[in-house]
Amino acid sequence: MEVAESTVGGRVVLRRRVTLLNGVSLIVGSIIGSGVFVSPGGVLQYAGSPAAALAIWAFCGVFCTLGALCFSELGTMLPAAGGEYAYILSAFGGLPAFLTLWVNVLVIRPAAQAVVSLTFAEYALALTFPDCDPPRGAITILAATALCTLTFINCVSVRLSMRIQTVFTGAKLLALFIIIVAGLLHLCWGKTELLERAGEGQHNLGGVALALYSGLFAYGGWNYLNFVTEELKDPHRNLPRAIWVALPLVTTVYVLVNVAYLAVLPPSHILSSNAVAVAFGSEVLGPLKYTMPVFVALSTFGSLNGILFTSGRLFLAGAREGHLPPVLSYIHVHSCTPVPALLVTCVLSLAMLGADIISLINCLSFVLWLSIGAAVAALLWLRRTRPNLHRPIRVHTVLPLVFLAGCIYLVVVPMITEPISTGIGILITLSGIPVYVAAVWKSKPDWFNTFHDEVTFQLQRLLLVVGS
């Protein structure tokens, strides 16, 4: 069994058991999920032409690499679990950090897990329903089963969840390799007419902005390794190494996969299909076309595992600082995993399975880039206010400035193009203020503290967890 380690003062911390290979697998496995199989249509629609769509895919990869490099400085300077929550807490204090945690708990992580699990279910059922869409009830049940299964695995063993991540990362890279090779063979046979017309189409700045949203959604997960920096072996070396291996790899794979799509499928087919990889397989793989739904299901299953693994660490970090119910700060006595935090995020995701995928994506996009932008602003603020902090990695100031400008753009533009979704995101964020005052504010009545402690103690006994 895996046993917790304690630091001075008896606070339980997570043991460093995540290797460089695990880190690369976590980033690649979390990024390559549903996005590359469902986003090509959205990118192409708003980019205006196949050539512009390919440029958007490459730009999104470069942009996320800049963000990951900025986060490498933050992750080695403040090597605690929690990602952007921990950075905002250190730079700006309790309330901004709590609001970051609040929107992650209520929107970002549960919605992301719900989207990926629903995509997994749809593709997994594609073989059973080859000529029609699967029933909604079947999709929901299978998505819930995948969520509960992976939550159980993450509760039982960190090592087992990391093995799953590594294996499924290899499987999804194999699937994408097949798509790339099939597309290149298609071009080698002289069928280049579709790519020769790649520059045709109409372009506008507003469309490019919306194309970026679809592309960046497909790259979601580039910052997940920062949520487990506390468990990463030799983070000063392995965090930037994992970034330099994973992000260029994913960017190259994404661009080549989309070249393959555009070489085989006319733009109208890509725009009208929610399962581009299945349509691609039907055109070029012959009898092997039925492997595509299997590959996509494997890909999304691994991505869901990565999101669950890092979600538990984020909520654990918030609970240890008193920004979530204290029971979430407890570690399972045998596995050293944040079991209560994993259960909470699973339950919230299950509640969202009845929603539309596009609605979930629109709801999480605004608050996601708001929190990431705040984390990069924290990097710049800490350089000014705490210059003596140990910084094993220090990126050039231009990088966080450029990335922060991009985050501001991604936050401001939706206020104009998607005012309803943006408004919902703003309301959810602001709703955390009264919760912070009621639940986190130090000056509370004695009767409330007594009741709170008793509930915490009973939950601690029920879940077999110990204090951190």
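Taking into account only those residues within region 254-284 that are modelled with pLDDT of 80 or more and not in a helix (DSSP H, G or I), which is nearest to LEU125 (Cα to Cα)?
This residue is LEU265.
Output the residues belonging to region 253-272 that are open to solvent by 30 Å² or more (accessible area, probe 1.4 Å) and within 23 Å of TRP189 (Cβ to Cβ). Don't jump to the end; show me each part of the working.
Taking region 253-272 and keeping what is open to solvent by 30 Å² or more (accessible area, probe 1.4 Å), we get 255-256, 259, 266-269, 271-272.
Across region 253-272, the qualifying residues are VAL255, LEU256, VAL259, PRO266, PRO267, SER268, HIS269.
Within region 69-79, identify whether any single residue is touching a strand residue (DSSP E or B) at 6+ places or on another chain (Cβ under 9 Å) and either closer than 28 Å to VAL402 by Cα or in a helix (DSSP H, G or I) (or both), and answer yes or no.
Within region 69-79, the first condition is being touching a strand residue (DSSP E or B) at 6+ places or on another chain (Cβ under 9 Å), and the residues that meet it are 75, 79.
Right, trim to either closer than 28 Å to VAL402 by Cα or in a helix (DSSP H, G or I) (or both) and you get 75, 79.
Yes, some residue in region 69-79 is touching a strand residue (DSSP E or B) at 6+ places or on another chain (Cβ under 9 Å) and either closer than 28 Å to VAL402 by Cα or in a helix (DSSP H, G or I) (or both).
So which residues in region 90-116 are polar (S, T, N, Q) and closer than 24 Å to ASN305 by Cβ, if there are any at all? Walk me through it before giving the result.
Of region 90-116, the ones polar (S, T, N, Q) are 90, 100, 104, 113.
Answer for region 90-116, where residues must be polar (S, T, N, Q) and closer than 24 Å to ASN305 by Cβ: THR100, ASN104, GLN113.
Tally time: how many residues in region 33-53 are in a helix (DSSP H, G or I) and farther than 18 Å from GLY302 by Cα? Talk me through it step by step, then tell me what you get.
Step one: filter region 33-53 for residues in a helix (DSSP H, G or I), giving 35-38, 40-47, 50-53.
Remaining after also requiring farther than 18 Å from GLY302 by Cα: 40-47, 50-53.
Selection size over region 33-53: 12.
Taking helices (runs of 4 or more DSSP H) that fall entirely within region 365-451, which contain at least 3 residues that are out of contact with any Asp or Glu (no Cβ under 7 Å at 6 or more places or on another chain) and open to solvent by less than 40 Å² (accessible area, probe 1.4 Å)?
Working: elements: 398-417, 419-430, 432-435.
Helices (runs of 4 or more DSSP H) meeting the threshold: 398-417, 419-430.
Given GLY83, GLY93, which one is modelled with pLDDT under 85 and open to solvent by 10 Å² or more (accessible area, probe 1.4 Å)?
Working: GLY83 fails: open to solvent by 10 Å² or more (accessible area, probe 1.4 Å).
Matching residue, one of GLY83, GLY93: GLY93.
Based on this model, can you work out whether PHE168 counts as modelled with pLDDT of 85 or more and hydrophobic (A, V, I, L, M, F, W, C)? Break it down into steps so the answer makes sense when it comes.
Values: modelled with pLDDT of 85 or more: no; hydrophobic (A, V, I, L, M, F, W, C): yes.
Spelling it out, it is not the case that PHE168 is modelled with pLDDT of 85 or more and hydrophobic (A, V, I, L, M, F, W, C).
Somewhere in region 316-332, is a residue open to solvent by 10 Å² or more (accessible area, probe 1.4 Å), touching a helix residue (DSSP H, G or I) at 6+ places or on another chain (Cβ under 8 Å), modelled with pLDDT of 75 or more and basic (Lys, Arg)?
no
The values are calculated or read from the model by the stated rules, or taken from the named source; none is laboratory data. This one's a predicted model, so the numbers in the text were calculated from it and none came from an experiment. Every residue, glycine as well, gets a Cβ built from its backbone with ideal geometry; the counts of neighbours run over all protein chains shown. Only protein heavy atoms, including side chains, enter the accessible area calculation; ligands, DNA and RNA are left aside. Shrake-Rupley method; radii C 1.70, N 1.55, O 1.52, S 1.80 Å.
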